[in-house]
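Before any comments, here is the structure.
The values are calculated or read from the model by the stated rules, or taken from the named source; none is laboratory data. Since the structure is predicted, the reported quantities are computational estimates derived from the model, not experimental observations. Don't worry about glycine lacking a Cβ; one is built from the backbone with ideal geometry, like all the others, and counts go over all protein chains shown.
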Amino acid sequence: MTFLKSISLFVDRKSFVHDIDPITKLYYILFAIIIPIILPSFTISAICVGISILLLLAAKVMRKTLPVYSFVFLVLITVVIIQGLFRPGNETVLFHLGPFAMHKEGLLFALTIALRVTNIVSAFMILVLTTKPSTLVESLVRKGMSPRIGYVIVSVFQIIQEMMSTMSTIMDAQRSRGMETEGKLLTRIKAFIPLLGPVVLGSLINTKERAMALEVRGFNSRNLKTYLYEEKTFPYSKAIQAALLVLTIFAVAWRVFL
Amino acid sequence: MIKVSNLSFSYSEKAQSVLADINLEFDHRTTAIIGQNGAGKTTFVKLLKGLLRASQGEILIGDYDVKMKTAAELARKIGLVFQNPNDQIFKRTVLDEAMFGLLNIKMGKYTAEKLAVSALETVGLGDKLEMNPHDLSLSEKKLLCIASVVAMETDVVIFDEPTIAQDDAGKEIIRKIIQELKKKNKLVMTIIHDMDFVAENFERTIVINKGKVLLDGSTREVFSQKEVLNEANVEPPGITQLAEKLGLKKTILTVEEFLQECAK
């Protein structure tokens, strides 16, 4: 018996954030990206990050965000160092790092970028960690996205899982017939190359069979289709979407008139 | 030949045990391991082959402690034919495929080719040496995988569902291979759902249910215990059931036995 490892980041919890429909979450992502562009202040970005973190806490998925934040922060630290040291227009020296001087202007600019990136990542994590990929795709198809594109997105999740399982079986078969795949890094690299042929070829064969199976089961039928899942609805979806829209208009007005 | 003591296994610490406290000894009798899907049969043979590491217990193959060897090192001792042939074909010609394992265990090229050709002839692929394995039919691919493992001349050969996709001619080839291996004093084991094939070809049968050994004995003995087999969702072979329904007292395993018994 083999178990397919899920590659989706979705965390199944009971929370009001999970209950919100995927389209409203997409509205929120758009809002979180647009607002700091319209009002490019440090405070606004910080407020947006704060809201996203509160939502992640309410969804009880904060632990799952840590590896993502760690990776993002690792990249951002390099941005902060480079901008702080070398940004054109750096004037005010804050402190020295060996022979190099860290400047206030570059540091503030880098922190603004870091905050914006954190804001976007946080908003996307709300969607990714609290929404099943299939629910998201089905919601988008209901809103008019092509079912073919929807299938491609969902099948990527399935196919990667299947490929990982197939790779493990193929490696077992190779080890069974005397090919060493364990031990030193060089041994592992050597073992990885012959793995690619059967995995890629197997995937091509599967793709052909999958395409035929889809055809046989009426995937290209032009009739209206029944959706597999019931549409996810949240009683306050419309209110949240309207509020986000009003706040965006308000932000534009603030920028233009004040 | 193989001694399994207090063997337990689970895929993760939190997960339920797939196998629990298995104690078995294997001699040279051809042995079938049967049971419903998810019973733990494949996990058991993967443990024998060193592809998985036991959570508890010990497996000895001759003098080898499986824990101390990698699966690749065990390839000289124990061969395993996987269920799906598409997952175990790595080369571009039938001959290269059959030689793959032999070259991995550092056999000389000349001897490897000789053994590979001989095994391929046994399974009826002697005239397709230069063909691309992916151009073979599913049944032929399965026979190629069997030949590739048989060519390695290991002391133990395990077949995972050997009769899948085989017609009568294919089954006959596999039957002959099993007999040949037995004559060479090798231990042949199989995981299988084809009960007719078990009854006709295997001396010993082990029933695994929910990770434990439910029955272990001669195939006739095992197929005579209908109620226990029911517990594992295993049905005796058709001919055994027919004989029982006709009121024959002896547990019948083959059509020939059935005819003999009816003639009495």
Given (1) buried (at least 17 other Cβ atoms within 10 Å of the Cβ); (2) in a helix (DSSP H, G or I), A:S168 misses just (1)
Identify the single condition in (1) over 28 Å from B:Q56 (Cβ atoms); (2) under 17 Å from the mean Cα position of the chain (by Cα) that B:E227 does not satisfy, given that it satisfies every other one. (2)
So A:S139, is it among the small types (G, A, S) and closer than 23 Å to B:G50 by Cα: no
Exactly one condition in (1) touching a strand residue (DSSP E or B) at 6+ places or on another chain (Cβ under 6 Å); (2) on the phi < 0 side of the Ramachandran plot is false for B:D194; which is it? (1)
Please work out if B:D96 is charged (D, E, K, R), out of contact with any helix residue (DSSP H, G or I) (no Cβ under 6 Å at 6 or more places or on another chain) and on the phi < 0 side of the Ramachandran plot. yes
For B:E180: the one exception among (1) exposed (fewer than 15 other Cβ atoms within 10 Å of the Cβ); (2) touching a Ser or Thr at 6+ places or on another chain (Cβ under 7 Å): (2)
Please work out which one of (1) free of Cβ contacts under 8 Å to residues at least 12 places away in the same chain; (2) of a type in the set (A, V, I, L, M, F, W, C); (3) more than 24 Å from B:K186 (Cα to Cα) is the condition B:L103 fails and give its number. (3)
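Okay, residues lined up against (1) closer than 30 Å to B:K210 by Cβ; (2) aliphatic (A, V, I, L, M); (3) more than 14 Å from every other protein chain (Cβ to nearest Cβ); (4) surrounded by fewer than 13 Cβ atoms within 10 Å (Cβ to Cβ):
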| position | (1), (2), (3), (4) |
| --- | --- |
| A:F10 | no, no, yes, no |
| A:I34 | no, yes, yes, no |
| A:G50 | no, no, yes, yes |
| A:K64 | no, no, yes, no |
| A:P67 | no, no, yes, yes |
B:H193 versus (1) farther than 29 Å from B:E227 by Cβ; (2) out of contact with any helix residue (DSSP H, G or I) (no Cβ under 9 Å at 6 or more places or on another chain): which is the lone unmet condition? (1)
Does A:F71 meet the test of being under 17 Å from the mean Cα position of the chain (by Cα) and farther than 25 Å from A:T135 by Cβ? yes
Matching option when the condition is buried (at least 16 other Cβ atoms within 10 Å of the Cβ) and either polar (S, T, N, Q) or assigned to a helix (DSSP H, G or I) (or both), among A:V80, A:V75: A:V80
For A:V156, indicate whether it is free of Cβ contacts under 8 Å to residues at least 60 places away in the same chain, under 21 Å from A:L9 (Cβ atoms) and in a helix (DSSP H, G or I). yes
Please enumerate the residues belonging to the range A:220-258 that are of a type in the set (D, E) and in contact with a helix residue (DSSP H, G or I) (Cβ under 7 Å, 6 or more places away or on another chain). A:E231
With criteria (1) under 23 Å from the mean Cα position of the chain (by Cα); (2) touching a residue at least 60 places away in the same chain (Cβ under 8 Å), A:P40 comes up short on (1)
Which ones in the range A:20-39 are in a helix (DSSP H, G or I) and more than 13 Å from A:A251 (Cβ to Cβ)? A:P22, A:I23, A:T24, A:K25, A:L26, A:Y27, A:Y28, A:I29
Flagged in the range A:160-215 as touching a residue at least 40 places away in the same chain (Cβ under 8 Å), within 12 Å of another protein chain (Cβ to nearest Cβ) and among the β-branched types (V, I, T), in numbering order, are A:T169
Within the range B:220-264, restricting attention to residues that are of a type in the set (G, A, S) and closer than 16 Å to B:M195 by Cβ, which residue is surrounded by the fewest Cβ atoms within 10 Å (Cβ to Cβ)? B:G238
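Yes or no, residue by residue, for (1) outside any helix (DSSP H, G or I); (2) crowded, with 18+ Cβ neighbours inside 10 Å; (3) of a type in the set (S, T, N, Q):
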{"position": "A:R175", "(1), (2), (3)": "no, yes, no"}
{"position": "A:M179", "(1), (2), (3)": "yes, yes, no"}
{"position": "A:K190", "(1), (2), (3)": "no, no, no"}
{"position": "A:L201", "(1), (2), (3)": "no, no, no"}
Right, B:V123: among the β-branched types (V, I, T), away from chain A (no Cβ under 13 Å) and within 14 Å of B:V150 (Cα to Cα) or not? yes
It is to be established whether one or more residues within the range B:95-115 are under 13 Å from B:M152 (Cα atoms) and among the hydroxyl-bearing types (S, T, Y). yes
Scan B:V157, B:V213, B:V207 and give me the residue that is under 13 Å from the mean Cα position of the chain (by Cα) and not basic (K, R). B:V157
Scanning for something outside the structural domain of A:A211 (by TED's automatic domain parsing), surrounded by fewer than 20 Cβ atoms within 10 Å (Cβ to Cβ), in contact with a Phe, Trp or Tyr (Cβ under 6 Å, 6 or more places away or on another chain) and at pLDDT 85 or above, does the range A:114-131 turn up at least one residue? no
Subset tally (residues that are touching a strand residue (DSSP E or B) at 6+ places or on another chain (Cβ under 9 Å) and either among the aliphatic types (A, V, I, L, M) or in a strand (DSSP E or B) (or both)) for the range A:91-124: 8
Applying the selection to the range A:43-68, what residues are of a type in the set (S, T, Y) and under 16 Å from the mean Cα position of the chain (by Cα)? A:S52, A:T65
